[in-house]
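What follows is one structure encoded as structure tokens, with my remarks underneath.
The values are calculated or read from the model by the stated rules, or taken from the named source; none is laboratory data. A quick note: this is a predicted structure, and the numbers were derived from the prediction, not measured. Neighbour counts run over all protein chains shown; Cβ positions are idealised from the backbone, glycine included.
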Amino acid sequence: MPAPVILWFRRDLRLADNPALQAALRSAAPILPLYVLDETPDLRAPGAATLWWLEKSLAALAADVEARGSRLILRRGPAERVVADLARETGASGVCWNAVFDPGVPARDARLAEALAAAGVEARRFNGGHLLSPDKVRTKTGGQFSVFTPYWRAARPLVNPGEPAPAPAALPAPADWPGSDRLADWGLHPTRPDWSKGFKDWTPGEAGAAERLDAFIHGALKSYAGDRDRPDREGISRLSPYLHFGEISPKACWRAAQAAALRGEVPDAQVDKFLAELGWREFNANTALAAEARGDAPEKVNVDRRFDAFPWRDDPKAFAAWTRGMTGYPIVDAGLRQLWTTGWMHNRVRMVVASFLTKHLLIDWRAGETWFWDTLVDADHASNAGNWQWVAGCGADAAPYFRIFNPVTQGEKFDPDGTYVRRWVPELARMPAKLIHAPWAADKAILSACGVTLGLTYPHPIVDHGVARQRALDAYQSLKADR
Ligand code: FAD
């Protein structure tokens, strides 16, 4: 029997459309599917919500692998050591994996590939997580794009989704299996307390991803461009955690959306908007990689270095009120409670709550980024840091700092009947639509008829919008004056 090949699953927890898996199959050798709970000390540790997701996703992958006559080997420790050890232990001739571009990972992978090569083991790396490898798209002069529109104009024609490679019917098994950890022993599911009860609507894993994509293509995609901003509607795909963990490839999403347009089921404009959002995911990865190449961790360093002098406030009480969804601004509170309960938040509301933190409360975007990192099931290094910097005004192609969302008008515009707020802030459920986004503007009789006592059943606003807005503008002016 030929020496086995290790198929190292990372953020590509799927069997279909997986270039590393296809390469392992082509080698015609027995395959050792491996997942490493990476404990490399200088890599950013995953947040709690993503660990919840990871456990379910690994269980699904293990079942899919077993259904094909194989096993998923689980090991933990610094991946560089674990992979090299397993190669030695099993006499593997090669290791195949799909690239991950998080800070520190490409350098670590390069070291590992070198060590494997020195031991006579071939490391084969592929791009399975992006439409285009993030290190590939450059300006005509070889520079870094800093604005999305020209980036996308250059990148989009390069996207070649190719033919999908279906999941194999079988995975060739080795004669002997190396030992594996038990998934349950990794303790990824929260127990003390179990805060994940509200995560029950998610189905992590490849089958859940395919179902989600199918439902979206035959449903919300048809009116995506208009409805994607409406948290009160099911107007988006909710594919982000599946894409983050690679349970579906972005190319599969691309193909499915384009096929719907070709069949004449969905207008081109709707499909183009969706593809452009996949483009933002690419742009963020591209920007994060460039930041890292400059030595700037994207979750720590302002892309616009003028913001290094920004007078952020230290206000633990206000930050705590924000994290708990107790700011007194209903759309903000609804978003943060949706996040805490389900591990996910609608994009429009992410923008509103991020703007509220950085502008109304003048709290450093890095505090919000860290909160999202721990609580989002789709917490993604490049997209989280990139979007936080975008909202805060200090990122690549950022929204100007002086554009300050008014949380009341944002609520009125994007949740006009208050459906979203009613769901997540039930203490306001009986408020009339006209007043639900500004309950303090209601007179006492209305509040009392709706069972609302401000300061008791629901907080007073922790800051006045007008005052906070002016304070933020002054802070921004001080930054400009300092220059
Ligand atoms: P859809 O609207 O259906 O879009 C399809 C896919 O396109 C998404 O799944 C996602 O992969 C990608 N996408 C859409 N919008 C963006 C965007 N603005 N930036 C990057 N990719 C995008 N997204 C993450 O995946 N992980 C994060 O950690 C993350 N943090 C964010 C933090 C803030 C402050 C903000 C404002 C946005 C953040 N986003 C993040 C982007 C966006 O909110 C989510 O990707 C989106 O809400 C996911 O929902 P969906 O899958 O239904 O998106």
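Worth pointing out:
Conditions tested, residue by residue: (1) within 28 Å of residue 275 (Cβ to Cβ); (2) under 23 Å from the mean Cα position of the chain (by Cα); (3) touching a residue at least 24 places away in the same chain (Cβ under 8 Å).
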position: 158; (1), (2), (3): yes, no, yes
position: 178; (1), (2), (3): no, no, yes
position: 184; (1), (2), (3): no, no, no
position: 198; (1), (2), (3): no, yes, yes
position: 209; (1), (2), (3): yes, yes, yes
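- Filter result for the condition that a residue is farther than 23 Å from residue 182 by Cβ and either assigned to a helix (DSSP H, G or I) or acidic (Asp, Glu) (or both), over 23, 60, 87: 23
- Among the residues making up the range 420-432, those that are within 20 Å of residue 337 (Cα to Cα) and surrounded by fewer than 19 Cβ atoms within 10 Å (Cβ to Cβ) are 423, 426, 427, 429, 430.
- When residue 179 is tested against the conditions (1) over 26 Å from residue 26 (Cβ atoms); (2) part of a helix (DSSP H, G or I), the lone failure is (2).
- Residue match in the range 42-59 (condition: among the aliphatic types (A, V, I, L, M), crowded, with 18+ Cβ neighbours inside 10 Å and over 27 Å from residue 192 (Cβ atoms)): no
- Residue satisfying condition, being surrounded by fewer than 23 Cβ atoms within 10 Å (Cβ to Cβ), small (Gly, Ala, Ser) and within 12 Å of the ligand (Cβ to nearest atom), within set 399, 392, 385: 399
- Of the residues in the range 40-52, at least one is within 25 Å of residue 122 (Cβ to Cβ) and either of a type outside the set (A, V, I, L, M) or at pLDDT 95 or above (or both).
- Taking the numbered list (1) out of contact with any Leu (no Cβ under 6 Å at 6 or more places or on another chain); (2) modelled with pLDDT of 95 or more; (3) crowded, with 20+ Cβ neighbours inside 10 Å in turn, residue 103 passes all entries but (2).
- Residue check for residue 230: closer than 23 Å to residue 352 by Cα and basic (Lys, Arg): yes
- Figure legend. Inter-residue proximity from the range 381-398: first residues under 20 Å from residue 46 (Cα atoms) and touching a residue at least 24 places away in the same chain (Cβ under 8 Å), second residues among the hydroxyl-bearing types (Ser, Thr, Tyr) and within 11 Å of the ligand (Cβ to nearest atom), beta-carbon distance below 6 Å, spacing 6+ or different chains. Indicated pairs: 386/287.
- Candidates are the residues of the range 402-417 that are polar (S, T, N, Q) and part of a helix (DSSP H, G or I); the one that is farthest from the ligand (Cβ to nearest atom) is 409.
- Within this structure, residue 378 passes the test of being within 12 Å of the ligand (Cβ to nearest atom) and either of a type in the set (A, V, I, L, M, F, W, C) or not in a helix (DSSP H, G or I) (or both).
- Where helices (runs of 4 or more DSSP H) fall wholly inside the range 216-262, the ranges with 2 or more residues that are out of contact with any Cys (no Cβ under 7 Å at 6 or more places or on another chain), away from the ligand (no atom under 12 Å from the Cβ) and of a type outside the set (A, V, I, L, M) are 250-262.
- Flag if residue 371 is at pLDDT 95 or above, of a type in the set (A, V, I, L, M, F, W, C), within 11 Å of the ligand (Cβ to nearest atom) and within 17 Å of residue 338 (Cβ to Cβ): yes
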